[in-house]
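Asks: Here's a structure for you.
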Amino acid sequence: MDQPSSFHQLFSNLISELKASENVLEVSSNFGPQKSLRSMFSYLWDLEVAQQCLSPTVINAGKSDEESDRLRAEGNKCYQKKILDKALKLYNLSIMAATHPALAVAEKHEKQPNDSCVNESERSGKECTQSDLEEYRSLSLGYANRSAVLLELEQYDKCICDIEAALRYGYPKLLHSKLAERKAKCLIALKRKSEAKEVLESALKDLIELSLDEAKSKNSREALHQLVKQCESNEDDAHKKTENVQNGHQMDLSRASKEKLLFSYQTPTAPKVLDHNPTIPALSASVRLAYTPQQGRYLVAEKDIHPGDVLVAETGYCSILHLDSSLRTHCSNCLSRCLTPVPCPSCTKVVFCSSSCCIQGLSSFHMQECNIVPTLAALDMGKNSVLAYRILTQTTHKKLKTLMPELLEESKHKAPESLGFSTQGIYSSSDYKTIYHLVHNKEQRSVSDLFKRCAMALILTKLLIESKKHFVDKDGKPFMPSQEDILLTGCTLFIHMMNLPCNAHSVTELEVNVSRFQESTTQEIGSGAFGVLSLTNHSCNPAAARSSYGNVVVLRAIRFIPQGAEVTDSYGEHYGIRASDARRAELLQQYCFNCTCEACVNSWPTYPSLSSSLPLRCLKCSVPLNLSKAICKRCNTKYTDKQSNDSNENTLTYDYKKIEEQTKAAATNYQTAYDSIIEGVNSEENVTTLIQFIELVDKYVQHPCKLYFEAQETLKHCFDRQGNCVYRKEESDGTDIFKKKK
């Protein structure tokens, strides 16, 4: 069967057809910054050649027990060789591919501890019949085999959940004793011996009722009896649990602990903004919103801000996983990495971390996307097109239709600085207004850029129609959208295809090498529409940096920000990584502005060329001090280490010798903390040492500075380690700086 066409191929075919018919100029005349979104989208939608060329092939997302059995067999080979990580991955894929019962998703459910164990038949209010159980044989075997890996990984609670799932979906009765033995071992390890004994006694009773041949059941009976004796003994469980790596705590870095880290996928809790801005709840009260025609909306420090202060903690309007790399390993609802994913019951592409997230996802966005996700992946239109699709599915057509008149009116008459605020004056991350009104830079876009983005919006509109889940009546039944419905949807998607490249923010995960913690790389696993984070302006020498906690993104200060100074973030370009000319060109192309940050204006060198010295700077004009003469060569400010009666405004009392000693001592302390951090100790003490060094350099030392850059990168690494994290075993490449993949 032919491979489905990507967007690039479909769009290239359209351009070829227009050139062959010599219609390029005529079509181009209908696109441009001066044209309205409605006129451009309406023209393309009515263009017959566009309808013909921009028609994606919808791909089936169904289950396959044959594929499930194949993946499970591959997993068995890895398990027999004790390659547990690969076995676990293959069993996960086997469970995802297997036929699964449908879930009832009419109601939303609160997340409960261990809710991945919740019986889906209980959710739907139906019991599985015997014929159902035979239908779900591949699913039951997948859960049973995965439970064996989880037992060896000492993931006892998860192992019990999988055992219960295997039994629920019809695991063969002749093999129940094997699962009972496995479950009892988990309960014994969890010091729940009385429960283990009940499980074992019930299994022994079942063996008798099965009337198996004595010889065939002998080994099973002996194993169960042996465990019963263990339950009756008073010996303490000698099993030692591995310490978790969580926010700021020191950890046991023994070899065994490092091995356990490879399977430590605990969802971190995001830090909260302690004192909220009164009108922007996700923003700290230490920050306010400002506006100028030149800068647009931006954030300013309302008071002095110190490194490590949480400035924004935002869940955002919605977020998505990258379809090519993260979809089968992370929860599509909360974006947490899943050790034992719960599969979508209908498609083989999407997983959830728990039954609660599964129910929430199926009752909202995924219900509309389930049969379209494989097609979106094959089109390869980029992350922003997937995010735009999610924004529309999460908003719903009914809600968008109700909101649009108000949104259009606000766009015409409201002041730019007040866009996105509710009638109560609140700028809420969960309000679609905050996303719709983000800057889209239509006026700066070329004809070809607008034409291509309009073509993307057209394809996405077709997919929303094809899904039969977006255009639905009050009873949930699909209807054929009117021309007005299509224009509303297409123009909205067109806006998001322009404003998301300028405003979407990445959701990241830190990959840590357990053998060499300095070999860390930050990977982008997804992206989201974050209305509050989008209020920050860019600097190549940013004042703050982002970390991800599931689908929550946290912005923290990474240097001292004095009252009245701008709170800046990096849009991906940093002075330490790329030269100023390359940075400026990239920023101009994607974000339509010329960067005028201090690093660009002064052409700061990249990291390899930075000096390792710590020269003290003039507190008035920031040039290096001539310590031998105690005078600034630019502004002639005199520095003295003694109180002086000299009323000359160019004389400052400044014990530069003492400050120089303090700076050197702080650098030594920083190096000690750095050495500890790369050994894996992410302690509060080490973070405090980094912050103290950064603040001292902020105040007294000339910038840019190599040690300062390293300290900021190390501080960002510590924050990232508290957030989304995955641990790997990798060979060293000799690098001694924490690495970040942009």
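The values are calculated or read from the model by the stated rules, or taken from the named source; none is laboratory data. Please read these numbers as outputs of a predicted model, since none were measured by experiment. For neighbour counting, all protein chains shown are included, and Cβ atoms are generated from backbone atoms with ideal geometry for every residue, glycine included. SASA here: full protein model, heavy atoms, side chains in, ligands and nucleic acids out. Shrake-Rupley method; radii C 1.70, N 1.55, O 1.52, S 1.80 Å.
Asks: Here are some conditions: (1) over 25 Å from E661 (Cα atoms); (2) in contact (Cβ under 8 Å) with a residue 60 or more places away in the chain. V623 meets all but one. Which one does it not meet?
Replies: Exception for V623: condition (1).
Asks: Would you mention how many residues in the range 465-488 are on the phi < 0 side of the Ramachandran plot and either surrounded by 24 or more Cβ atoms within 10 Å (Cβ to Cβ) or assigned to a loop (DSSP other than H, G, I, E, B) (or both)?
Replies: Selection size over the range 465-488: 11.
Asks: In the range 24-56, how many residues are touching a Leu at 6+ places or on another chain (Cβ under 9 Å), in a loop (DSSP other than H, G, I, E, B) and open to solvent by 50 Å² or more (accessible area, probe 1.4 Å)?
Replies: Within the range 24-56, residues that are touching a Leu at 6+ places or on another chain (Cβ under 9 Å), in a loop (DSSP other than H, G, I, E, B) and open to solvent by 50 Å² or more (accessible area, probe 1.4 Å) number 2.
Asks: What number of residues within the range 399-437 are closer than 26 Å to M367 by Cβ and either at pLDDT below 95 or in a loop (DSSP other than H, G, I, E, B) (or both)?
Replies: 4
Asks: Just need a number here: residues in the range 544-573 that are within 25 Å of A270 (Cβ to Cβ), assigned to a loop (DSSP other than H, G, I, E, B) and in contact (Cβ under 8 Å) with a residue 40 or more places away in the chain.
Replies: Total meeting the criteria: 6.
Asks: Determine which member of the set A579, A565, A585, A543 is on the phi < 0 side of the Ramachandran plot, open to solvent by less than 20 Å² (accessible area, probe 1.4 Å) and either among the small types (G, A, S) or in contact with a helix residue (DSSP H, G or I) (Cβ under 7 Å, 6 or more places away or on another chain) (or both).
Replies: After ruling out the rest, the residue left standing is A543.
Asks: Then there's this: Inside the range 424-456, can you point out the residues that are among the small types (G, A, S) and surrounded by fewer than 16 Cβ atoms within 10 Å (Cβ to Cβ)?
Replies: Once the filter is applied, which keeps residues that are among the small types (G, A, S) and surrounded by fewer than 16 Cβ atoms within 10 Å (Cβ to Cβ), the range 424-456 yields G425, S430, S446, S448.
Asks: Further question on the same structure: Filter the range 57-76 down to the residues that are among the basic types (K, R) and open to solvent by less than 60 Å² (accessible area, probe 1.4 Å) and list them by number.
Replies: K63, R72
Asks: So, one more: Given the structure, is Y156 of a type in the set (F, W, Y) and closer than 17 Å to C231 by Cβ?
Replies: Criteria met by Y156.
Asks: Does L392 meet the test of being surrounded by fewer than 19 Cβ atoms within 10 Å (Cβ to Cβ), more than 24 Å from C592 (Cβ to Cβ) and out of contact with any strand residue (DSSP E or B) (no Cβ under 9 Å at 6 or more places or on another chain)?
Replies: no
Asks: Does D85 meet the test of being within 30 Å of E152 (Cβ to Cβ), open to solvent by 40 Å² or more (accessible area, probe 1.4 Å), in a helix (DSSP H, G or I) and at pLDDT below 95?
Replies: Answer is yes for this residue.
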